[in-house]
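Asker: Below is the structure I would like to discuss, written out as structure tokens.
The values are calculated or read from the model by the stated rules, or taken from the named source; none is laboratory data. Model, not experiment: these values are computed from the prediction. Positions of Cβ are backbone-derived with ideal geometry, glycine not excepted, and every protein chain shown enters the neighbour counts.
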Amino acid sequence: MKRLFYLLPLVLFLGLAGYFLVALRPARDVRELPSVMIDKPAPSFDLAGLDDPKPLALDALKGHPFVLNFFASWCVPCRVEHPLLMRLASENHIPLYGIAYKDKPADSSRLLASFGDPYRQVGIDQDGRVGLDFGVYGVPETYVIDSKGVIQKRFVGPLTAESVEKELLPLLKQLDRS
């Protein structure tokens, strides 16, 4: 029994070392947060439109792949990402829709008036309920949703030129062909 007591620290050390080997492996992207929503239907939503009497609803967006971006006027990384969204909207004709997450409508409108509006339509999620349904950790978060309304990809944090070129655009092309 006494020997087992002496082996306990060794067993704990090996368990901890094994965990770190898996968690810190070189191929793992530490910025990527797992999502249980991938390959599952997007949560249904029907949000009041921002500066638009028409609501933003998931059912109206189905039928073609689209990109859904959660943003807020108070979010600094959203402002960093914004020029890239503007470029995507103008150059690539990506079906990009926005959800103003936990933001005052007037503040969201002011942000889009100042920096430009890359979205085809924006919905207001003032209480954050839709974001919660999607599993949003914080803004910005971007989702690629296929024509049937199934989530195919989630980007946590601001999109980068690299993630757009290597992941988002190829995925949208693939979904357009299916």
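Asker: Taking the residues in region 118-136 that are among the acidic types (Asp, Glu) and in contact (Cβ under 8 Å) with a residue 40 or more places away in the chain as candidates, determine which candidate is surrounded by the fewest Cβ atoms within 10 Å (Cβ to Cβ). Explain how you work it out, then say what you get.
Answerer: Within region 118-136, the subset among the acidic types (Asp, Glu) is 125, 127, 133.
Retained after the next criterion (residues that are in contact (Cβ under 8 Å) with a residue 40 or more places away in the chain): 125, 133.
Numbers: 125: 24, 133: 14.
That would be 133.
Asker: Criterion first (under 22 Å from residue 48 (Cβ atoms), of a type in the set (Ser, Thr, Tyr) and not in a loop (DSSP other than H, G, I, E, B)) does residue 163 satisfy it? Please lay out each step first, then the result.
Answerer: Numbers: under 22 Å from residue 48 (Cβ atoms): no; of a type in the set (Ser, Thr, Tyr): yes; not in a loop (DSSP other than H, G, I, E, B): yes.
No.
Asker: Go through region 137-156 and give me each residue that's at pLDDT 95 or above, surrounded by fewer than 21 Cβ atoms within 10 Å (Cβ to Cβ) and not in a strand (DSSP E or B).
Answerer: Once the filter is applied, which keeps residues that are at pLDDT 95 or above, surrounded by fewer than 21 Cβ atoms within 10 Å (Cβ to Cβ) and not in a strand (DSSP E or B), region 137-156 yields 147, 148, 149.
Asker: May I ask you to verify whether residue 46 is touching a residue at least 40 places away in the same chain (Cβ under 8 Å) and not polar (S, T, N, Q)?
Answerer: Details: touching a residue at least 40 places away in the same chain (Cβ under 8 Å): no; not polar (S, T, N, Q): yes.
No: the conditions fail for residue 46.
Asker: Of the residues that sit in region 93-117 and are under 14 Å from residue 48 (Cβ atoms) and loosely packed, with under 15 Cβ neighbours inside 10 Å, which one is farthest from the chain's Cα centre (by Cα)?
Answerer: If we take residues in region 93-117 being under 14 Å from residue 48 (Cβ atoms) and loosely packed, with under 15 Cβ neighbours inside 10 Å, then 106 is farthest from the chain's Cα centre (by Cα).
Asker: Another question, then. Among the residues of region 18-61, write down those that are surrounded by 10 or more Cβ atoms within 10 Å (Cβ to Cβ), of a type in the set (A, V, I, L, M) and at pLDDT below 85.
Answerer: 33
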